[in-house]
Amino acid sequence: MKKFGYIVLLLAALAACRKLNIPPKNIIQDEDIFTSNQGIQAYMARLYSELPLEDFRYSPARGIDFFWIISPTSATTGEALSRDQTNSMQENFGGWSWDIWGGSYTVIRDCDYFIQTLPTYASNFTAAQVQAWTAEAYFVRGMTYFGLVKRFGGVPIVNKVLNYVPGTSTDSLEIPRSSEKACWDQVDSDFTYAMNNLPAVNADYSDGSRANKYVAAAFESRAMLYAGTTAKYNNITLYDAADNQICGIPAADAAAYFQKSLNAAMTLDGVYSLYLASWSATDPNAQYQNFVNLFSDAASKENVFVREYNYPNSVHGYDAYNVPRQLIGPNGYSAETNPTLNFVEMFGGLPKNPDGTLQTLDGTGHYLLYDSTMDLFANVEPRLRGTVILPGDMFKNESIEIRRGIYTGSAAGGISPLLPAGSKAQYPTGQLVTSPTASQTPYTLPDNTLMNPAGLSGIFTGDQTCAISGFSVRKWLNPNLSVAQTLENNETQTWIEMRYAEVLLNRAEAEYELYSLGAGGAGVQSDAMTVINQIRSRAGATPWTAFGTTPIDTIRYERRKELAFENKTYWDLKRWRIFDKEQNGTIYRILMPFWSAAAGKYFFDARTDERNDVYTYNPIWYYEQLPSGAITKSTNVIQNPGY
Amino acid sequence: MKQLYIILVLLAGVAFAACSKIDNYAAPGDTVTGATYDEVTGQTLQTEVGSGTRVELLEISYDSAPVPFYFYSMQDGTFNDDKVFGATYKVSVQGPFVPLIVTDSTGAVVTDSSQTIVLKNKAVLKFDVQPFLRIQWIGTPVLNPDTTVTVQVVVTRGTNNALYQLPVTDINLYVSNTQYDGNNNYDPRYSSLNSYSDSAGLAVIGDTITLTTTGGALPAQDVYFRVGARINAGLDEYNYNAPVSITYP
């Protein structure tokens, strides 16, 4: 009887073996994806979520798609100071959770796979759907190559799915890096395919979160501008053994790239427009409010391409990290992004010294005095108020109070500077009352009223959880978010990756670069001024009538002001190859408001960062270090110079 | 129970047996040592610690395009690595001087002054290079009445190579409380950083340059001074003179 049992068991086991040769049920097959609209939407969701965008979840220190943004990008570019960022830096790939090399090539493979596989299943869909979806895969692939080439120069181009047969040689898989020019041309080719094959409005999502032909054109204008400026300004070269130029592009190619950038930017003309919903030509307050609203109005015709978030699956914490100290949320973060005085001084409407710096002293060398800290900024360009919270400005119905301390010395005959001009020393403590932390001991003023030494948002001498530069960032902050909801991983505000203002700035820069190269034809220079003035007019700045002595700098400063805190300046400083000029033993400047007890007024002291943090950008960083894993996997991949 | 015990002992025996497999390849123990010299003065070429002149080793015994191995030279231009595997290497140095390996605009090698060695125990190498700039002290640092310090230097070209007759972009007086003074390590409060325009950067060559510390009185502690200068070539690295100290009276 026992023996019989074993035989039955054996038979059962053998019978089971017959059924093993079926597709695994736990792995999704092509037939599951490529036969239904939902399957394609799922594939697209993955492609778009993996797009390497420098959005709310990006910082050079911790990379793409990471929640913790305490060394913000703007604190590496001189736009801002942050207590957690104390020097220049290159992107810290070793500390990234999303692998820039493996991650990018996974996305590229996903695109290649989609492009190769969809035709087999084309009969399930309309011809228009197949055409548009294929073009979207080209767009995503172009974006991914763009993300690689702007970091590394030439990279391996892999435009078909590689299949490894176990047991065979891997030589054919070890694809060397192509020339940098070939990679930019690959980006151009992918975007051009997308421009030619995408509809004007994405049939699946028309809200700007998925590509249409104009989205592809806008990124073409950005990418070709990067390529043109790299050709013109780069002087780092690297050749491989086959004489391909892996780093650098011949300067002679610059004009062709600028022309492509210009042509692509022009295609958006009349389709998108600058946001002017609550703008008024005569009211600076309306211009300020309009600039604030532009970052949160989903109906804005300025939004070309956006990344949307969704609670709780995909969230960020921009407000939690960046609100002024007095609006600190329950997580305890605040004031990570504090705009520098260098940045604020780019704007018009401020009293300036002949050298362009902010005027804080009168003709006799004593501090200028103000009843309120906002008086200094009474006539400032409205865009600055929309970008930076100035000391004393209103936010969430509160006056954001920023004060370094109370000056108790005499005000008779004027107050002399606390430190000699240019000194990097600490403030003398004899005649100053300051506060080390937010728990303050009020000081009794001569009129017997009480005043805290520091403002509610700083500056505190003992910790840096405050407006360490004298300013706090305004752009992107949600004015309707309650303090209780100002939490990490809790926000879903849309990131605007590409807005029409950038397209106009691309157009103006490409036009002026063409003009300076003697190309582009008649009228490019005057058109550059026209589009710049559209942006200046929306910003509430006075229009230009002449470019001045250094026109390219004029255009670049406009770009840096308009796109500040949008993680764009980092790439601009790189591609203009001026990072190492701007950050050359540089200590950024700050503006410290003091209350004079004797005068009963405010004065401002402009000085260098009290922390004496030095920014020095190493020129080898213009080409990032390839991750060592990329090189050990394939000896055909060579390292960039200097690493 | 006894059976279980025996099984456990046997299992442990197997586990420990696995541990006994050791990496029996000998640790690297050969030495590459030497220095980079200014070919005119014959002195070692000053650089900065950790990011200045570096030595490149290409192990060509098994592959014509190997992954390079790098190590940095010391501040005074000497280098020493006593943990290198014995093999055949192509050795060169990279830094703020005319490159040893020059390629033309298509990437073809024009000149190659790297050295090929068969490393066995120890190799002593001497690289003669032409620095972009040569910085020489004039006199010694002077302690001023206000306890700032003034130094004088002359910056001259270290090469006649036409490609590197570029304007000086920066001449900086670095102040530090250690001798490891340079662009990557200095006290920003007192150091004097000076950028030059193209025309001024050409004119300054050969002039006696006077530099004074900034930021008021120096603290009464060990202070080292060093001057670095650079042109916009290669990786924009600085050439230096040797650090000097002063004693407080």
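The values are calculated or read from the model by the stated rules, or taken from the named source; none is laboratory data. Remember, predicted model here, so these are calculated numbers, not experimental data. With ideal geometry, Cβ positions are generated from the backbone for all residues, glycine too; neighbour counts draw on all protein chains shown. Note: areas computed on protein heavy atoms with side chains; ligands, DNA, RNA excluded. Shrake-Rupley method; radii C 1.70, N 1.55, O 1.52, S 1.80 Å.
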> What residues qualify as long-range amide H neighbours of B:Val223, i.e. H under 5 Å apart, gap of 5 or more or another chain, H built at 1.01 Å from N?
Replying inline: B:Ile246
> What shape does the range A:460-511 take by its C-alpha gyration tensor, where a ≥ b ≥ c are the square roots of the eigenvalues and a/c under 1.5 counts as rounded, a/b above b/c as prolate, and the rest as oblate?
Replying inline: oblate
> Quick one: longest stretch of chain B between exposed loop trypsin sites (Lys or Arg not before Pro), exposed meaning at most 11 other C-beta atoms within 10 Å and loop per DSSP?
Replying inline: B:121-249
>> Checking the cross-link filter: which aspartates and glutamates have an alpha carbon closer than 14 Å to that of A:Lys424, excluding same-chain neighbours under 8 positions apart?
In response: A:Asp605, A:Asp609, A:Glu610, A:Asp613, B:Asp187
> Which percent of the accessible area of the range A:49-110 is formed by carbon and sulfur heavy atoms (probe 1.4 angstrom)?
Replying inline: 47 percent
> Using +1 on the beta carbon of Lys and Arg, -1 on that of Asp and Glu, and nothing else charged, what's the dipole of the range A:532-574 about the Cα centre, debye to 20?
Replying inline: 60 debye
>> Pairs of alpha-carbon atoms within less than 8 angstrom and 6+ residues apart define the contacts here; what relative contact order does the range A:424-508 have, in percent?
In response: 18 percent
>> How big is the range A:247-363 along each principal axis, measuring the range of its Cα positions in Å and listing the largest first?
In response: 56, 51, 43
>> Using a Förster radius of 51 Å, what is the FRET efficiency between B:Asn24 and B:Gln3 based on their Cβ-Cβ separation? Nearest 0.05, please.
In response: 0.85
> Can you give the calculated 222 nm mean residue ellipticity of chain B, where each DSSP H run of n ≥ 4 adds -39,500 (n - 2.57) and the sum is split over every residue, rounded to the nearest 500 deg cm²/dmol?
Replying inline: -3000 deg cm²/dmol
>> What does the C-alpha gyration tensor say about the overall shape of chain B? Classify as rounded when a/c is under 1.5, otherwise prolate if a/b is larger than b/c, or oblate.
In response: oblate
>> Through the Karplus equation 6.51 cos²θ - 1.76 cosθ + 1.60, θ set to phi - 60°, convert the phi angles of the range A:301-318 into ³J(HN,Hα) values in whole Hz; use x for Gly and Pro.
In response: 7, 8, 6, 8, 9, 10, 10, 9, 10, 8, 7, x, 6, 9, 9, 9, x, 4
> Do any residues of the range B:178-199 lose at least 40 Å² of accessible area when the full set of protein chains is present rather than just their chain alone, and if so which, with a 1.4 Å probe?
Replying inline: B:Pro188, B:Arg189
> Taking every eigenvalue of the Cα gyration tensor of the range B:124-224, multiplying by 5 and rooting it, what semi-axes result, largest first, whole Å?
Replying inline: 27, 17, 12
> How big is the charge dipole of the range A:500-643 about its Cα centre, in debye rounded to the nearest 20, if each Lys and Arg gets +1 on its Cβ and each Asp and Glu gets -1 on its Cβ?
Replying inline: 140 debye
>> Over the range A:494-550, what is the relative contact order in percent, taking alpha-carbon pairs closer than 8 angstrom and at least six residues apart?
In response: 28 percent
> Between A:Val473 and residues 5 or more places away or on another chain, which pairs have amide H atoms under 5 Å apart, with H built 1.01 Å from N, and which residues are they?
Replying inline: A:Thr337, A:Ile389
> What spacing in nm lies between the two simple spin-label points modelled at B:Ser61 and A:Asp243, each 7 Å away from Cα in the Cβ direction?
Replying inline: 3.3 nm
> What angle do you read, to the nearest 10 degrees and between 0 and 90, between the alpha-carbon axis of helix A:127-152 and the longest principal axis of chain A?
Replying inline: 60 degrees
>> Once you order the gyration tensor axes a ≥ b ≥ c over the Cα atoms, which shape class does the range A:399-452 get: rounded for a/c under 1.5, otherwise prolate or oblate by comparing a/b with b/c?
In response: oblate
>> Restricting to Cα pairs below 8 Å that are 6+ residues apart, what does the relative contact order work out to for chain A? Please round to a whole percent.
In response: 18 percent
>> Using a Cα-Cα cut-off of under 17 Å, which aspartates and glutamates could be cross-linked to B:Lys122, ignoring same-chain neighbours fewer than 8 residues away?
In response: B:Asp30, B:Glu56, B:Glu59, B:Asp81, B:Asp82
> In whole Hz, what ³J(HN,Hα) sequence does the range A:82-96 give by Karplus (6.51, -1.76, 1.60; θ = phi - 60°), x for Gly and Pro?
Replying inline: 9, 5, 9, 10, 10, 6, 5, 8, 8, 5, 8, 4, x, x, 7
>> Explain nothing, just the number: dipole magnitude of the protein assembly as shown about its Cα centre with +1 on each Lys and Arg Cβ and -1 on each Asp and Glu Cβ, in debye rounded to the nearest 20.
In response: 1660 debye
> Using Cα atoms only, what is the angle between the long axis of helix B:2-19 and the major principal axis of chain B, expressed in degrees (0 to 90) to the nearest 10?
Replying inline: 40 degrees
> Can you list the aspartates and glutamates whose alpha carbon sits under 12 Å from that of A:Lys475, skipping same-chain ones fewer than 8 residues off?
Replying inline: A:Asp319, A:Glu562, A:Glu566
> Among B:Val142, B:Val40, B:Val110, which one moves the most in a GNM of chain B with springs linking Cα atoms closer than 10 Å?
Replying inline: B:Val110
> In degrees from 0 to 90, rounded to the nearest 10, what is the angle of the helix A:254-266 Cα long axis to the longest principal axis of chain A?
Replying inline: 90 degrees
> What 222 nm value per residue comes from the helices of chain A, counting each DSSP H run with n ≥ 4 as -39,500 (n - 2.57) and dividing by all residues, nearest 500 deg cm²/dmol?
Replying inline: -10500 deg cm²/dmol
> Check A:Glu497: other-chain or 5+ apart residues with amide H under 5 Å from its amide H, H built from backbone geometry?
Replying inline: A:Phe305, A:Val306, A:Arg307
>> I need the fraction of alpha carbon pairs in the range A:476-630 separated by more than 20 Å, rounded to a whole percent.
In response: 69 percent
> Past the 32 Å Cα-Cα mark, which pairs from A:Lys181/B:Lys126; A:Lys574/A:Lys633; A:Lys150/B:Lys83; A:Lys213/A:Lys561; A:Lys160/A:Lys260; A:Lys260/A:Lys352?
Replying inline: A:Lys181/B:Lys126; A:Lys150/B:Lys83; A:Lys260/A:Lys352
> So for the range A:342-471, what percent of the C-alpha to C-alpha distances run longer than 22 Å?
Replying inline: 43 percent
>> Over the range A:195-256, with the other protein chains present, what is the accessible area per residue in square angstrom, probe 1.4 angstrom?
In response: 36 Å²
